[in-house]
Amino acid sequence: MNQIKKNNLKTVLFTVIILLVLNGIGSQFFHRFDLTKDHRYTLSPTSLKIIQDIKEPLIIDVFLKGEFPGEFKKLQTETQQLLEEFKAYNSNIVFQFVNPLENEEEKDTIMQSFMNRGLTPINVTLDDKGKQTQEVVFPWAIATYHGRSVKVPLLKNMMGASTAEKVVSSVQHLEYAFANAFNTIAKAKEKKVAIIKGNGELHDLLIADFIKQVRENYYIGTFTLDSVAKKPNESLSYLKNYDLAIIAKPTEKFSDEEKLVLDQFVMNGGKTLWLVDQVNMEMDSLYNDSGTTLAFPNDLNLNDMLFKYGVRINPDLVKDLMATPIALATGDKGSATQYTQFPWFYSPMIYPSATHPIVSNLDAVKFEFASGIDTLKNGIKKTVLLQSSPYSKLVGAPVEVKLDMVQERPEQSEFKNKGNIPVAVLLEGEFHSVFENRVMPFQEKTFESKGKNNKMIVISDGDIIRNQLDKNYHPLELGYDKWTNKLYGNKEFLMNCVNYLLDDNGLINIRSKVVDLPILDKEKVYENYTKSQIISVGLPIITLIIFGFLFTFLRKRKYSK
């Protein structure tokens, strides 16, 4: 017996020593194993780099606590597991799940305060074997660091998608949503964005929501090209201080001097976002007694410039059967007036088909009187970000546009082999100056005929950046159509464009992450409800009981001898 005790003691000591050694080695090396097929819990190097700079507590309040249907439960679980992954790499990240509507007495007040902050709730239906109840859910989180707070959307808006499809899309978007929020509040602003003015561009009030969103991550200011006429060299020097120039729907011609300033901005590494209407046409001009107006080409004197960079915006309009609706008054005037929605074929609703991070996992984008873009061979890499549906065609300008065209029922055969028209193109490479081997409108000592490696985005619709106004002339959210109560993906698309053009740390590339999320089939569960209960609940209990009896029986049999 003494020998047995000694052997047991040696075994215990040896085990303890091994555990201590392994624990010591483990404290020196850190690694987490992600055994999922799609590596959904493996943080990207960009995310890890962002959270490395967080040196003080970063508090995250997630408003996803409570009883939810299966899809939202999945979103709740995936959000918690992702935040645990962030916390594992940086203990300064602290999160908690909160039910904002837990106090019934203050429910209405809290809901109103949340909506005032832009945290819009959604109604979900809890369905338990035919019994349905309505619950209000706030699919949002708020991250706070150094007194600054930022909203984190957890549920992506997707028109026409089921809740399960929205959840799958949202889970794919989670890492980017949180990493972008951490980057916004923890990193000081560095890049500068210039809104170009002086050629009839959109008023600030009509791009106010876009400006507000850009201001969260970048410095933003107005640069007026009027000064170019008198001081072109000084204007160019000043513009070079910016990293990105946005040209939002100009309506007046650019002079050669102004073009040279923009051109040399590009040659010196400045990024550009062009939102150009090649056809002069406004929806408001249709609301007259005749309900008709003429759409005609818009000469901005930019054709040669964009042609040199590698694209051409044609003087035509995209007519697409996959169209967004407009609301028109029908019936008698007065109290009997009703508004009916009709498809407006000159307002394409474009679903991204490309796999580029800018448009990955993006909802439909609304265009209005867009033109087709041709890509030209010149050594510049071109990526079509958005294109019309297969059932679309081009209509040359000038052309008469009528409101009563909503009554048209065109045949799909009219659009055969004419669709997939590019309306947004990304250009990347070393651009050549449009003034290369040409007489310059003014002398510039620092003139560059060939630029550094650069990128720009050209969009053939200026209205894509325009936000609507409410009855008090306050700007509404970009992409929201107050007449049809629909929210499109314009804001997310344009912010992705800005982030990609200015992103040096690859944050936007997280958007290309794909997650294969299995969703429970409710119909199959209801069809086999009893069987499912027996397998999921009864079988483990029965197995445990059998194991208990066997264990007790074998133990008695062994020690009764």
Would the stretch 375-392 turn up any residue that is crowded, with 17+ Cβ neighbours inside 10 Å and closer than 27 Å to S290 by Cα?
yes
Could you check, for the stretch 265-274, whether at least one of its residues is within 26 Å of K319 (Cβ to Cβ) and either among the hydroxyl-bearing types (S, T, Y) or open to solvent by less than 10 Å² (accessible area, probe 1.4 Å) (or both)?
yes
Among the residues of the stretch 196-254, how many are outside any helix (DSSP H, G or I), under 17 Å from I465 (Cα atoms) and among the basic types (K, R)?
2
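If we keep just the residues of the stretch 12-53 that are of a type in the set (S, T, N, Q) and at pLDDT below 80, which is most open to solvent (accessible area, probe 1.4 Å)?
It comes out as Q28.
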Determine, yes or no, whether D277 is of a type in the set (D, E, K, R), in contact (Cβ under 8 Å) with a residue 24 or more places away in the chain, in a loop (DSSP other than H, G, I, E, B) and open to solvent by less than 30 Å² (accessible area, probe 1.4 Å).
yes
Which one of these does F345 not meet: (1) part of a strand (DSSP E or B); (2) within 23 Å of N280 (Cβ to Cβ); (3) out of contact with any Lys or Arg (no Cβ under 6 Å at 6 or more places or on another chain); (4) of a type outside the set (S, T, Y)?
(3)
Hits in the stretch 67-101 (condition: touching a helix residue (DSSP H, G or I) at 6+ places or on another chain (Cβ under 9 Å) and part of a loop (DSSP other than H, G, I, E, B))
E67, F68, P69, N90, N92, P100, L101
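Of all residues in the stretch 449-468, how many are part of a loop (DSSP other than H, G, I, E, B), in contact (Cβ under 8 Å) with a residue 60 or more places away in the chain and either within 30 Å of V279 (Cβ to Cβ) or open to solvent by 80 Å² or more (accessible area, probe 1.4 Å) (or both)?
Residues that pass the stated criteria total 4.
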Does S389 count as of a type in the set (S, T, Y), part of a loop (DSSP other than H, G, I, E, B) and in contact (Cβ under 8 Å) with a residue 40 or more places away in the chain?
yes
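Kindly indicate whether any position in the stretch 131-138 is among the charged types (D, E, K, R), in contact with a Leu (Cβ under 9 Å, 6 or more places away or on another chain) and modelled with pLDDT under 80.
yes
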Residue among K445, K471, K418 that alone is at pLDDT below 95, touching a strand residue (DSSP E or B) at 6+ places or on another chain (Cβ under 7 Å), open to solvent by 50 Å² or more (accessible area, probe 1.4 Å) and not in a strand (DSSP E or B):
K418
Determine whether M495 is of a type outside the set (K, R), open to solvent by less than 70 Å² (accessible area, probe 1.4 Å), part of a strand (DSSP E or B) and modelled with pLDDT of 90 or more.
no
Can you work out which of the residues in the stretch 309-324 that are open to solvent by less than 20 Å² (accessible area, probe 1.4 Å) and of a type outside the set (S, T, Y) is farthest from D374 (Cα to Cα)?
A323
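Residues checked against (1) assigned to a strand (DSSP E or B); (2) within 14 Å of the chain's Cα centre (by Cα); (3) free of Cβ contacts under 8 Å to residues at least 40 places away in the same chain; (4) surrounded by 19 or more Cβ atoms within 10 Å (Cβ to Cβ):
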| site | (1), (2), (3), (4) |
| --- | --- |
| A143 | yes, no, no, yes |
| V150 | yes, no, no, no |
| L155 | no, yes, no, yes |
| E165 | no, no, yes, no |
| Q172 | no, yes, no, yes |
| Y176 | no, yes, no, yes |
| A179 | no, yes, no, yes |
| F182 | no, no, no, yes |
For the stretch 362-374, name all the residues that are surrounded by 16 or more Cβ atoms within 10 Å (Cβ to Cβ) and either within 22 Å of K249 (Cβ to Cβ) or at pLDDT 90 or above (or both).
L362, A364, V365, K366, F367, E368, F369, A370, S371, G372, I373
Go over the candidates V395, V439 one by one and state the one that is among the hydrophobic types (A, V, I, L, M, F, W, C), surrounded by fewer than 20 Cβ atoms within 10 Å (Cβ to Cβ) and more than 33 Å from the chain's Cα centre (by Cα).
V439
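Quick check on S389: is it small (G, A, S) and farther than 20 Å from K166 by Cα?
So S389 fits the description; yes.
The values are calculated or read from the model by the stated rules, or taken from the named source; none is laboratory data. Values in this document were obtained by computation on a predicted structure and should not be read as measured data. We place every Cβ from the backbone using ideal geometry, glycine too, and count neighbours over all the protein chains shown. Accessible surface areas use protein heavy atoms only, side chains included; no ligands, DNA or RNA. Shrake-Rupley method; radii C 1.70, N 1.55, O 1.52, S 1.80 Å.
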